[in-house]
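Laboratory data are not the source of any read-out in this text; all were calculated from the coordinates shown. Quick caveat: nothing in here was measured; it's all calculated off a predicted structure. Cβ atoms come from the backbone with ideal geometry, glycine included; neighbour counts cover every protein chain shown.
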There are 4 protein chains.
Amino acid sequence: MIVMKTDATKEQISRVVKELKKYGLRADVSKGAYRTVIGPIGDERKLPFDRIAVLPGVKEATMVDTPYKLISREYGKSFEGAEHLLIKVGDIVIGGDEPVFIAGPCAVENKAQLLRIAEGAKKAGAHILRGGIFKPRSSVHSFQGLGAGGREQAEEALEWLHDAGREFGLPTITEIRGESQVDLVAEYADILQIGARNMYDQDLLTQVARKGKPILFKRHFGAGIEEFLSFAEYISAEGNKDIILCERGLLPVGKGRSYTRYLLDLASVPVIQKETFLPIIVDPSHSTGRRDLIFNMSCAAIAAGASGLMIEAHYNPEEALVDGPQSVTLDELKDIIDACKKISKVVMSKKDKL
Amino acid sequence: MIVMKTDATKEQISRVVKELKKYGLRADVSKGAYRTVIGPIGDERKLPFDRIAVLPGVKEATMVDTPYKLISREYGKSFEGAEHLLIKVGDIVIGGDEPVFIAGPCAVENKAQLLRIAEGAKKAGAHILRGGIFKPRSSVHSFQGLGAGGREQAEEALEWLHDAGREFGLPTITEIRGESQVDLVAEYADILQIGARNMYDQDLLTQVARKGKPILFKRHFGAGIEEFLSFAEYISAEGNKDIILCERGLLPVGKGRSYTRYLLDLASVPVIQKETFLPIIVDPSHSTGRRDLIFNMSCAAIAAGASGLMIEAHYNPEEALVDGPQSVTLDELKDIIDACKKISKVVMSKKDKL
Amino acid sequence: MIVMKTDATKEQISRVVKELKKYGLRADVSKGAYRTVIGPIGDERKLPFDRIAVLPGVKEATMVDTPYKLISREYGKSFEGAEHLLIKVGDIVIGGDEPVFIAGPCAVENKAQLLRIAEGAKKAGAHILRGGIFKPRSSVHSFQGLGAGGREQAEEALEWLHDAGREFGLPTITEIRGESQVDLVAEYADILQIGARNMYDQDLLTQVARKGKPILFKRHFGAGIEEFLSFAEYISAEGNKDIILCERGLLPVGKGRSYTRYLLDLASVPVIQKETFLPIIVDPSHSTGRRDLIFNMSCAAIAAGASGLMIEAHYNPEEALVDGPQSVTLDELKDIIDACKKISKVVMSKKDKL
Amino acid sequence: MIVMKTDATKEQISRVVKELKKYGLRADVSKGAYRTVIGPIGDERKLPFDRIAVLPGVKEATMVDTPYKLISREYGKSFEGAEHLLIKVGDIVIGGDEPVFIAGPCAVENKAQLLRIAEGAKKAGAHILRGGIFKPRSSVHSFQGLGAGGREQAEEALEWLHDAGREFGLPTITEIRGESQVDLVAEYADILQIGARNMYDQDLLTQVARKGKPILFKRHFGAGIEEFLSFAEYISAEGNKDIILCERGLLPVGKGRSYTRYLLDLASVPVIQKETFLPIIVDPSHSTGRRDLIFNMSCAAIAAGASGLMIEAHYNPEEALVDGPQSVTLDELKDIIDACKKISKVVMSKKDKL
């Protein structure tokens, strides 16, 4: 990690980047409110830190031995002067003192559905509208989302989502499942989602990152925290730091009947907040797969310190094409958001002590 | 499950029990505020339910196909008329509308230590005093608790715990690790704990159950919920329904560094409340193994609906003989209890809706 | 599953395919030595099987309720008349009575390295040459293979691999990690590998499948067998049945030090052979991560019934750029292959009995 | 670890033991063919190794930093002069060059059953007779073995097992599930089994160890290798080194249908052989739970280097009271043993090279 002096010039920064290239490494240049920091991408052991430390404009040059240095709390503090970064999407701030709620249908079905849910979500207090168009599915025989119907149908669905969001003042988010979808989706959505099943797909991560839009990055159900953050680093290495991490459950442990779809790891929330400068939110819908558990697990996620929630909501969960059993109604969504806001205040008031 | 009429006589109940024995099954006779229910223990498929249903005093006789019928919500409702049972220990009620806090040192060290912690815990708002005397340890080379010093030393430690509890009006709890400790511990402690590592030890479960005292029963870190409840059924089958279930974390999932000792499964809390009439509490100390996570995970557990918490607390965590890194100070304990009470109110106010 | 009569005409087959489309389903048309079978792709519950069964040329039309019907043993038997399909790559047959050995370096480093290893592998008895060019890595800071150096360098490395294979009569295999690599790699390699980390990447699977070349498909370390086969079905649904499945280890279970990189699930070998008509091989190198375990685990895999092994081998494991600690020498490779052949004979001789 | 000189006297040994006690540690005194070694039990960091090293008769005194030092390969080598210890039960040697086969019914049912199976097992080539009397079961409603019928019935069943073994020259093994069964079982059985569910039950381990008989110690399905060996150390710490370790499968990994009961970890076999001087065998019956997999997984276990197998066998698996679906017939048992012997020879012939 190479910390530049506050008055370092453009040329001095370029000089350091060149030095890194000489040793076969790329450079992450993070210009913050506070100062510029340069993070080497590649094997740092090849770098002569002694030599770099005395280059003009350099304040400090040290080796950082973690697979996720470019998103580490120390790195963020160096260039931004703050332990946690705020991610802004329109007027919405993610990672601040108030929790952010993302809501919407699992899958986009038609324009009327989206408008009706967007309106309800807005009234319930949600901030961002979700809706799946390219659906990752475990079986080729299941409905794969409107995106499977070809480019035209995909684009139409993206327009519906975009329009519904604009109509009710809600920025939008939808998932990108494969490289060929990156350009199209990035044209329409405000936040680009990379789903749990694609967490390890480093080529996709790189390409989505390059779009420069905020990314919601979900933890794979078999990934340890270290691995999750190491793959988030692939995004950061493209110069995109607007990464919203998302916990959505791990493989169940133990034999016998599974009472929930996945095993929600809520301790990952405070752990990750201590490791990185990125915000982390929780998806209680996919993790539990059970509508009757969403209220309690939403409250628990906020109590654990999450910066927000992503909840599947529908005016009529029974008739949803995908994941109906885990969607809440719009009334339930309001109850959840109300309770979460109260809990957030209780937890936040003690934050400084801990 | 054989539900007796409200006016069923002793003789009619005995008659049913005899009938069960004839087919090689034992009987669990649960007399509640509402009525008496008889649960067959063994292979129900051998029973002639048609014949039993017409015995005098019998209201209903049906086969229940789950490995944990004697602790199931339906069973509890049948004899008690309520979906959840209250467990009373002195003046303390576990499973009611207010969360119960168990606190104390991981291991009992000496009388002064216990008195000091008991006083602090009481002031912080705790209701029950914990302290380990027979410590289960992964290594034979580690300190095994004062109980390892022989019967006399064990009894002395049990007296200290008992006395410290009485001095500050706190019922006490301590762990039983082996069959030879059952009689001794049951003489002194108000609640008998069976630890996670002993969850599968059915002979120990049976013997502890027979003491008739409330039991805190911890989930093993490799046990699915179905398995956990199936082993709680061993306790219930001895006629002891005062079982406080406790979630304390599962095996970590994923590769790489472990940031917490275990993986806390908070969704198990509402799930188990829907499956059984027993209360469930959470142990944030052993599950995380990290003092800096206890506040958030305690709040999250209560938000998930837990009936209480078991927290390791010490006036000076650094000098604790066992598990210092995960103990909170008595001041921190107070902060945790205060926040949890507020969160409990938020969550409880919505309870009926869900 | 729609089984056609042996004398069904092209037109009759087209008629059935059209019928499926009418209900929104795609069709997998498998013409075998035995007869033609048509597998519906999509939600079969929408199909009027009664009506389809009486269409001209149709022998039988039944619903198959498994997420992996197009690779199921029953399906294969219907069109090929055999329980297991043979996959041919040049003169090599995978899935027959003799085990097939794939060997080579983890990562391609230079032409000389490849030639030397290819020669040694051939002498040791290997049949196919492996070598990684696009390396999936957990850290963006690690060496990502020569493929990371741009298209020209990638193509050069692919040529080396191809040439080394041709020189010693070994078909070649290398991994495709992202969609943008599909066309290039398919030009050079005889078998296209999809790695464990990409198992869930359905868009990549679909595109690789369309190249029509044999595919080596690795199980993700967090995937159950059902999920593994459900994703293999994505490949099969593109009409490509030349799928070599590969077990390479699961997430470790239990706490404490990990003695191997992954947990090799050898029982998956006979299980999968009973579920599908596809051959399954084992990768003892990535699963154990330890050179000193390769001999025993290779023997065990063949004893479990595997159709082959993929082993990392190097003339000098210590100097390998990637995964040196788990590569065997070329002498060790010979010992392994010799022992495995003997064990295969012992196991095969009893095959009919079981 | 304190290695004594070959001519060290009894007094010199006692002197060292006393020194250890002074610092609050117990001593494991292992007198081998080669020399005497004293292993400290407890926290070695408290010991003044410098001082101990110069006591009369002491050759070497070093700290060993592993939770399983008393069963480590180094420790065994020090007192026995060999890397692996042989465990003798009658004429049978476990841990030598030839695999040992333990076979018999899951549960003892009656004397005729045992005699018939013992005769068949002997003819098939088995060396030791197994039969469960105290059965650990996940449900209190399942058959718990004849041991549940009271002491008299338990003793009768133990006699049957003993007699059947004597009649056909087979030493016997049966499981001890609780502390109250230790004395009784130790009177009759030649090898005492501690089952997977009791692996963590340190009080039981200690009491069984004190009987001085060989112990078969099974790995819990949630235990890492380090934990498994750490609990074996509890047995060793009682001076009993005749411990046969047994791998019987771990918790399944991944979602969806489970095709086997547990996940057999065969790599644990060579790993454990490198870590300890104890032999390790494999139980293919409980791990797979499927009769149609036993042949392949038995062969695989021996190929992995196991010192033997424990296989459930019955003349009529369909009518077995417990675990019928996983029992092989006596004919199948013969096929398995024959194939395993051949495979063992192939693997053993390369042993020195690796």
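Okay, helix-only estimate at 222 nm for chain B: each DSSP H run of n ≥ 4 adds -39500 (n - 2.57), divide by all residues, round to 500 deg cm²/dmol; what do you get?
Working: 12 runs with 130 residues, N = 354.
Taken over chain B, the calculation gives -11000 deg cm²/dmol.
Each copy carries D:Lys88; placing its label point 7 Å along the C-beta direction from Cα gives inter-copy distances of 6.1, 6.6, 8.3 nm, listed from smallest up. By the rule of a C-alpha distance below 17 Å, with chain neighbours fewer than 8 residues away ignored, the aspartates and glutamates paired with D:Lys122 are D:Asp91, D:Glu98, D:Asp163, D:Glu167, D:Asp190, D:Glu312, D:Asp331, D:Glu332, D:Asp335, D:Asp338.
Can you say what percent of the DSSP beta bridges in chain D, counting only those with both residues inside, are antiparallel? Round to 5.
On the way: 16 of 41 bridges.
Around 40 percent of the beta bridges assigned by DSSP in chain D are antiparallel ones.
Plainly put, the tip 7 Å out from Cα toward Cβ on B:Arg116 is 6.6, 6.7, 7.0 nm from that tip on each other copy, the closest given first. Under 5 Å between amide hydrogens, built in the peptide plane, is the criterion, and for D:Asp28 it picks out D:Gly39, D:Ile41 among residues at least 5 positions away or on other chains. Each 5 Å bin from zero up to the one holding the largest Cα-Cα distance in segment C:156-215 carries the following percent of pairs: 4, 20, 31, 22, 14, 7, 2, 0. With respect to chain D, whose longest principal axis is taken over its alpha-carbon atoms, helix D:111-124 is tilted by about 70°. Taking every Cα-Cα distance in segment C:132-175 and sorting them into 10 Å bins from zero, the calculated P(r) comes out as 29, 45, 22, 4 percent. Take the alpha carbon gyration tensor of chain A, find the square roots of its eigenvalues, order them as a ≥ b ≥ c, and report rounded if a/c is under 1.5; if not, report prolate when a/b exceeds b/c, else oblate. It comes out prolate by the Cα gyration axes.
Applying the criteria of a DSSP loop state and at most 16 other Cβ atoms within 10 Å to the trypsin sites (Lys or Arg not before Pro) of segment B:221-312 yields B:Arg257. Give the aspartates and glutamates whose C-alpha is closer than 16 Å to that of D:Lys5, dropping any in the same chain fewer than 8 places away, or say none. Of all the aspartates and glutamates, those that pass the test against D:Lys5 - Cα under 16 Å, at least 8 places apart if same chain - are D:Glu60, D:Glu80.
Distance between the 7 Å Cα→Cβ label points at C:Glu319 and D:Arg151: 7.4 nm. Please state the shape class of segment B:96-154: rounded when a/c is under 1.5, otherwise prolate if a/b exceeds b/c and oblate if not, all from the C-alpha gyration tensor. Prolate is the answer for segment B:96-154, as a/c is 1.5 or above and a/b outweighs b/c. Between A:Asn110 and D:Phe49, the distance separating the two model label sites (each 7 Å from Cα on the Cα→Cβ line) works out to 7.7 nm.
Rounded to the nearest 20, the Cβ-based charge dipole of segment C:309-354 about its Cα centre (Lys and Arg +1, Asp and Glu -1) stands at 700 debye. Close amide H partners of C:Glu109, meaning residues 5 or more places away or on another chain with modelled amide H under 5 Å apart, are C:Leu114. The count of lysine pairs in segment B:283-354 whose Cα atoms are under 16 Å apart, excluding pairs fewer than 8 places apart on the same chain, comes to 6. Bridge orientation summary for the protein assembly as shown: considering DSSP beta bridges with both residues in this region, about 40 percent are antiparallel. Highest GNM mean-square fluctuation among B:Pro214, B:Pro40, B:Pro252, for chain B modelled with Cα contacts below 10 Å: B:Pro252.
Lysine pairs, Cα distance under 30 Å, 8 or more residues apart or cross-chain: how many in segment B:195-294?
Close lysine pairs found across segment B:195-294: 8.
With respect to chain D, whose longest principal axis is taken over its alpha-carbon atoms, helix D:330-349 is tilted by about 40°. Couplings 3J(HN,Hα) of segment D:192-206, computed from phi: 9, 9, 10, x, 4, 5, 9, 3, 8, 8, 4, 5, 5, 4, 4 Hz, in residue order, whole Hz [Karplus 6.51 cos²θ - 1.76 cosθ + 1.60, θ = phi - 60°; x for Gly and Pro].
Dividing the convex hull volume of the Cα atoms of the protein assembly as shown by its residue count, what figure in Å³ per residue is obtained? Please list the in-between numbers first.
Numbers: hull volume 271.8 nm³, N = 1416.
Each residue corresponds to 192 Å³ of Cα convex hull volume.
Taking amide H as placed 1.01 Å from N in the peptide plane, D:Ala313 has its amide H under 5 Å from the amide H of D:Gly104, D:Cys106, D:Val328, each at least 5 places away in sequence or on another chain. Converting phi to 3J(HN,Hα) with the Karplus coefficients 6.51, -1.76 and 1.60 and the offset θ = phi - 60°, segment A:16-23 yields 5, 4, 4, 4, 4, 4, 3, 9 Hz in sequence order, with x at every glycine or proline. For B:Ala53, the point set 7 Å out from Cα toward Cβ sits 3.7, 8.2, 8.5 nm from its twins in the other copies, listed from shortest up.
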